[in-house]
Amino acid sequence: MRDPRLSKCPRPARERGTALIMALSFALVAAFILAGALLLVGQRMGYSRIDVSENAVLFIAEAGINDELDFVNRNITNPTPTLRSTPPGVRSGQRFSGRRGSVAGAEGDFWVFTSADREGTVAWDGRNPIYYVHSIGQVDGITRQVRINGTLPGAGTVSADRSGPVPTSIQGPFGFFSVFGINEKQGSNPCLNIPGSAVVNVTGVVGVNGRISQSGTLNFTSGQNFGTAYQAIGTQLTGSGVSGRAHVLNWLSVDEVARRAFGLGSTVNPWDHLAVAGNNDNGRVRMFAPTGSSLSTTGTVSARFSSSGQTVLTNSNYSKNDLMLPSGTSRGRLGSFEGVTAVNGVRTLIFPPGDYLISDLSLDNLAETRVIIDFGGLTVGGNPTYRPIRFWMNGGSNNDLLRLPLSMTVPGGTGISSTGSAMGFRIFYNKASVFNLERDTSSTGVHRAFGAIYSVTPDGRTSIDIKGGGSFGTRLELRGAVVADQVSFNGYTTIIGATADNFVTNPNDPIMGVQYATAYTAR
């Protein structure tokens, strides 16, 4: 039998070679196609990575801007101008000008600095109203540069009649608003209350974060209505001079303002700090000497207040201290001033520049009681740094009253100023009570006060009540500003905020922080 394996004839060698060549050709073509695909994919991935890096480097550069603004806010109170922000200049071993930083969890680095000029060559001193923040981001060798320039609101200088030009602290709490009601955290109470008997005239900006109760008259130069989601009680702040904002402004509590004012850490109790002798200027209170009445170091003597702890200022008890007017004039009474002995006393209290810790204040216009705010520092040898008189009120539970005209000296003057200065007096109110600033109805003419009141608490528990007379001619006039949880008006009152001849901000005001709202460029 024939072997079946021999029934098929083998292929010629030439046919087998052709098949091999075709297979290799197909493999080569497939390899080229695969290589092209891989190259295209690689290019696409490269382009995608470049796009990702382009976006990432912009984010890194913008993160540098935010980091620098935070740096400025944390260092703006540094007494050394060059340490208030990051100055321009290339650091040792660095590629770009500025301070190097990074973002946790993100690739790349940024270099950032702040300058006083657009070109980025002059360091910013933390006070000039114009500033520029420059940031360069770098990711995978790709760089982007971002720059913002800001104008701090309310920028200006003190006019020559205020004893020379002095930069104003436009970052302070009184740099923009003349009247601002924070919000209502006590049920339906409004943040701004204007009853039917009130006629309120405000030169400057009125702002609110919440509800308004208004049946009286409110006239203002311009307004800012924040927190527009709130429903109005009565008439909401409206008019051609009003702009609305969808976000609520956040203001620092008095506790935090005090910490910033004295450079304290977040865990330090500012009131304990103030109560200690050396930090408390209660011992600086002056009164006229028994033999003289000039506003000078020799014409006044110490009122013998304690330099530690809190001071109570009240004239409600007339049996304790029977004090004399200066220069042998008729006798009168001042009241129960804590720490003051009646011997050789006088009825006029004089507050030189400084920080005073006060628990209760009730000063009525009785028995010709007088208070002099010595912003000029005439009784202590001058005030070249424009340091204000600041009342820090905390601890007491009683409502407080200031119902007497405030007299004031100003830097460069020689006596009582007829116009005073809004930048010279501050009341920081931190009590769960009401502070009443009132006009004495028994007196004639306009009752004037100078300065600013700030009362912001975490739970909105405070109220500032301002009360004028029954007509415009007997109004209460405050040259300054009011920022509080709740602000209420009664009678005829006038608030004169920042104007060409009335500077409210002070270089020594606590720094609230910086922000920018002008040009932004990226390249």
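Each residue in segment 466-489 was checked for being under 20 Å from residue 223 (Cα atoms) and outside any loop (DSSP other than H, G, I, E, B), and 12 pass.
Pairs are defined by a Cβ separation below 8 Å, a sequence spacing of at least 6 or placement on different chains, a first member in segment 272-290 that is within 15 Å of residue 393 (Cα to Cα), and a second member that is in a loop (DSSP other than H, G, I, E, B) and open to solvent by less than 20 Å² (accessible area, probe 1.4 Å); the pairs so defined are 281/352; 282/305. Restricting to segment 75-105, name every residue that is modelled with pLDDT under 85 and surrounded by 13 or more Cβ atoms within 10 Å (Cβ to Cβ). Listed by number, the residues that qualify are 75, 76, 77, 78, 81, 84, 103. For segment 112-133, filtered to residues that are open to solvent by 10 Å² or more (accessible area, probe 1.4 Å) and in a strand (DSSP E or B), the residue that is nearest to residue 505 (Cα to Cα) is 130.
When segment 152-185 is filtered for residues that are modelled with pLDDT of 60 or more and either more than 13 Å from the chain's Cα centre (by Cα) or among the aromatic types (Phe, Trp, Tyr) (or both), the ones remaining, listed by number, are 174, 176, 177, 178, 179, 180, 181, 182, 183, 184, 185. When the residues of segment 480-489 are narrowed to those that are surrounded by 24 or more Cβ atoms within 10 Å (Cβ to Cβ) and of a type outside the set (Phe, Trp, Tyr), which ends up farthest from residue 440 (Cα to Cα)? Out of the qualifying residues, it is 485. When segment 351-371 is filtered for residues that are at pLDDT 90 or above and either among the β-branched types (Val, Ile, Thr) or closer than 22 Å to residue 296 by Cβ (or both), the ones remaining, listed by number, are 351, 352, 353, 354, 356, 358.
Being buried (at least 24 other Cβ atoms within 10 Å of the Cβ) and either at pLDDT 90 or above or among the charged types (D, E, K, R) (or both) narrows it down to one of 426, 403, 461, so name that one. Being buried (at least 24 other Cβ atoms within 10 Å of the Cβ) and either at pLDDT 90 or above or among the charged types (D, E, K, R) (or both) holds for just one of 426, 403, 461, which is 426. What are the residues in segment 134-144 that are surrounded by fewer than 19 Cβ atoms within 10 Å (Cβ to Cβ) and touching a helix residue (DSSP H, G or I) at 6+ places or on another chain (Cβ under 7 Å), if any? Correct list: 140, 142, 143. Taking the listed residues 311, 291, 267, the one that is at pLDDT below 90, in contact with a strand residue (DSSP E or B) (Cβ under 7 Å, 6 or more places away or on another chain) and of a type in the set (Val, Ile, Thr) is 311, with no other qualifying.
The values are calculated or read from the model by the stated rules, or taken from the named source; none is laboratory data. Given the structure is predicted, the values throughout are model-derived calculations rather than measurements. All Cβ positions, even for glycine, are placed from backbone atoms using ideal geometry, and neighbour counts span all protein chains on display. Surface accessibility is based on the protein's heavy atoms, side chains included, excluding ligands, DNA and RNA. Shrake-Rupley method; radii C 1.70, N 1.55, O 1.52, S 1.80 Å.
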